[in-house]
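Structure, as structure tokens:
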Amino acid sequence: MSEKIKITVVVENDKLNNGLDDLSEKSAILTHDTSMTLMSTLLANNMISGSFCGGRGDCGRCRVQFLQGATMPTGLERSVLEPEELRQGYRLACLAKPKSDCVIKLCTIDAPEIAIISDMIDVTGSVDYTSQSNGQTVYHKSGVMESNIDTVPSINVSDWNDDRVTDVMDNKIANVMIAVDLGTTTIAMQLMEIETGRIIDTYCEMNPQRSYGADVLSRIQASCEGNRDKLQALVVEVLEHGVDRFVHHEVSVRCMCIAGNTTMEHLLMGYDVSSLGHSPFTPVECGLQEFVHPAWDFKAWLVPCISAFVGGDIVAGLYVCGLLTDDLEKESLRHLVRRKKSDEQEAAALLIDLGTNGEMAITDGKHMIVTATAAGPAFEGGAGAGIVGSDMVACIAELLRQGIMDESGLLAEPYFTEGISAQIADKGKYRFTSGRSGQKLYLTQADIRSLQMAKAAVRAGVEILLGQTDELRQNKLQSNEQQQNNSKLHEHKVERVFLAGGFGHYLDVEAAFAIGLLPEHMRGSVQAVGNTSLEGAYRIGRDLWQGKIDGKSLEGSIFSIDSINLAKQPDFEELYIRYMNFSAD
């Protein structure tokens with residue numbers, strides 16, 4: 001039978017202090033059930049925003065320091081925290097279960113600043129692959145980022161008034177729509193003129209479901225544990241915030257189109273997601289759906305999904321890049337994938353969207369295959385240290401160059417023991433010092449391993465997609481002999497490589513080649529295209545509302561796409577191990 005104890009919490013965050021009712025100066029006394037973790041009590045009293053890893057202890061962000069009555073450290077805490085930290089009473093709130101009255105201090109590590117990308121570049125014309133998109137973007141840590149992309153040069157989040165609305169139109173526009181990128185980490189909404197695509201207003205928030213974990217598996221588990229309605233309500237509230245902001249403009253909203261991965265769309269619809277968490281990973285619904293909100297007088301469509309692993313965000317990206325090969329709009333397809341006369345083989349186009357999930361699609365203009373791999377926080381929001389993925393890639397490439405880290409990912413001493421702080425020096429170069437030196441960028445050996453595993457999985461996925469292009473064209477599975485020769489890939493096939501999302505927007509492509517995230521034969525073909533999910537949501541919503549396409553034709557465009565589960569590919573494990581090292585081809 002569980003007992004109740006008292007926990008005195010010392011809070012050094014003034015923002016939290018102001019939000020507590022039973023606060024005495026800078027401490028609060030909470031009642032704790034000894035059968036529960038410390039995090040459960042902190043969450044119930046709004047003293048912590050949640051667990052980045054879903055309470056598994058992987059991320060190390062929910063640190064507390066026991067000033068009195070420290071618990072015995074668990075094995076996982078011993079692996080995440082340094083010995084000196086353990087001696088000083090540091091523990092993880094998601095694992096600690098105090099059994100007697102104690103005093104703790106909150107030492108949680110802030111989530112890294114996330115760049116919310118809400119624009120993309122035109123991919124229909126000739127492209128200078130050496131250039132990168134540089135749109136209106138704000139690094140965003142918490143709360144709300146709002147902007148009028150067409151009318152303001154830049155926005156400082158700390159100076160922005162949440163209630164402020166800027167009317168950018170002289171006259172009322174009759175037809176506008178709302179496009180939504182429903183991401184695992186961030187949610188971006190844009191109010192857009194249907195006919196022209198002109199952006200009238202933008203609204204972004206961090207996805208509040210992050211309090212239940214950073215990845216989709218954590219949220220699937222949370223939903224199955226009785227939090228389905230809560231998870232749905234959290235996202236609906238964000239959408240309501242955006243709509244409430246947009247209706248201040250004198251416009252008539254005709255429709256909304258939402259693009260997200262399969263789990264995010266299921267959670268929005270309030271579906272039972274248990275089937276997404278175990279084999280054979282069957283979605284409740286993959287087709288075009290309509291989300292009905294009692295206060296909205298316009299249709300809200302959800303972009304169709306391909307599989308449990310590849311959702312509407314990738315369909316939106318394929319749509320806007322002109323890679324869907326049905327009777328839909330594909331004006332750019334002819335130059336995206338064209339026949340090479342030298343070998344009489346069709347060049348391939350590859351879409352890679354690296355975020356909390358890593359989704360990839362490849363097409364030769366006739367057939368398409370898609371897959372996904374769980375990247376965790378490594379590519380979006382960083383690992384446990386609070387460093388964004390694009391910075392991680394750049395840092396690791398420089399660590400390799402300077403000889404501080406070897407190709408196996410092992411840091412030299414004293415960096416291995418003390419961790420490493422990075423400071424951006426002249427000309428974008430990094431200067432490294434051991435230990436925490438007050439720099440914004442700090443990473444440990446565990447952070448490097450996190451990116452290393454994500455990188456290996458993504459690279460293995462890319463290689464498998466490339467290796468199966470011929471077999472897709474022949475409508476048969478890859479033979480055993482071909483599986484054993486995946487290293488001899490047809491390197492000349494890749495004509496275009498689209499890097500979608502915030503990670504691709506800021507990625508140093510040369511650094512990606514240096515650590516082996518991308519194969520060398522793609523050099524000169526890689527292009528960052530920005531938020532294809534948001535732009536695709538606009539174009540699909542526009543075309544649905546204008547009657548250029550209907551649900552049947554949209555679903556038909558993805559009907560013949562083959563989706564593979566990387567874990568079931570016989571050569572995945574071999575490729576995963578092969579590409580674990582940080583090295584160029």
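The values are calculated or read from the model by the stated rules, or taken from the named source; none is laboratory data. Just so you know, these numbers come straight off a predicted model, no measurement behind them. Because the Cβ atoms are built from the backbone with ideal geometry, glycine has one as well, and the counts that use them run over all protein chains shown. To get the accessible areas, we keep the full protein, side chains included, count just its heavy atoms, and leave off ligands, DNA and RNA. Shrake-Rupley method; radii C 1.70, N 1.55, O 1.52, S 1.80 Å.
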Worksheet entry | Residue list for segment 270-296, restricted to those being open to solvent by 30 Å² or more (accessible area, probe 1.4 Å), in contact with a strand residue (DSSP E or B) (Cβ under 8 Å, 6 or more places away or on another chain) and not β-branched (Val, Ile, Thr) | Leu288, Glu290, Trp296
Fill in: Answer residue from segment 244-266, given it is hydrophobic (A, V, I, L, M, F, W, C) and open to solvent by 10 Å² or more (accessible area, probe 1.4 Å) and is nearest to Gln209 (Cα to Cα) among those
Val247
Practice prompt. Would you mention how many residues in segment 194-226 are surrounded by fewer than 23 Cβ atoms within 10 Å (Cβ to Cβ) and over 25 Å from Gly358 (Cα atoms)?
Written response: 9
Item to complete: Please list, ordered by first then second residue, the pairs with beta carbon atoms under 6 Å, 6 or more apart or interchain, first in segment 541-554 and hydrophobic (A, V, I, L, M, F, W, C), second open to solvent by 60 Å² or more (accessible area, probe 1.4 Å).
Response: Trp545/Arg254
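Modelled with pLDDT of 90 or more and either out of contact with any helix residue (DSSP H, G or I) (no Cβ under 6 Å at 6 or more places or on another chain) or open to solvent by 20 Å² or more (accessible area, probe 1.4 Å) (or both) - does that describe any residue in segment 379-395? Spell out how you get there, then give the answer.
If we filter segment 379-395 for residues that are modelled with pLDDT of 90 or more, which is where we start, we get none.
No, there is no match, as no residue in segment 379-395 is modelled with pLDDT of 90 or more and either out of contact with any helix residue (DSSP H, G or I) (no Cβ under 6 Å at 6 or more places or on another chain) or open to solvent by 20 Å² or more (accessible area, probe 1.4 Å) (or both).
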Worksheet item: Does at least one position in segment 42-58 carry a residue that is surrounded by fewer than 19 Cβ atoms within 10 Å (Cβ to Cβ), of a type outside the set (Lys, Arg), outside any loop (DSSP other than H, G, I, E, B) and at pLDDT 90 or above?
Response: no
Practice prompt. Of all residues in segment 396-419, count the ones that are at pLDDT below 90, open to solvent by 60 Å² or more (accessible area, probe 1.4 Å) and within 20 Å of Ser583 (Cβ to Cβ).
Written response: 1
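At least 1 residues that are open to solvent by less than 50 Å² (accessible area, probe 1.4 Å), under 25 Å from Ala584 (Cβ atoms) and modelled with pLDDT under 65 in each: list the helices (runs of 4 or more DSSP H) lying fully within segment 420-485 that qualify. Working first, answer last.
Details: elements: 445-467, 469-473, 480-483.
Helices (runs of 4 or more DSSP H) meeting the threshold: 469-473, 480-483.
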Worksheet, complete the sentence: Picking from Arg542, Arg578, Arg496, the residue that is surrounded by 21 or more Cβ atoms within 10 Å (Cβ to Cβ), at pLDDT 90 or above and either on the phi > 0 side of the Ramachandran plot or basic (Lys, Arg) (or both) would be Arg542
Worksheet item: Which one of the conditions (1) in a loop (DSSP other than H, G, I, E, B); (2) touching a residue at least 60 places away in the same chain (Cβ under 8 Å); (3) farther than 30 Å from Leu499 by Cβ; (4) of a type in the set (S, T, N, Q) does Ser279 fail to meet, given that it meets all the rest?
Response: (2)
Discussion item. Looking at segment 190-239 only, could you name the residues that are of a type in the set (A, V, I, L, M) and assigned to a strand (DSSP E or B)?
Written reply: Leu191, Met192, Ile199, Ile200, Met206
Response to the item:
When (1) surrounded by fewer than 13 Cβ atoms within 10 Å (Cβ to Cβ); (2) under 25 Å from the mean Cα position of the chain (by Cα) are applied to Pro570, the one that fails is (2)
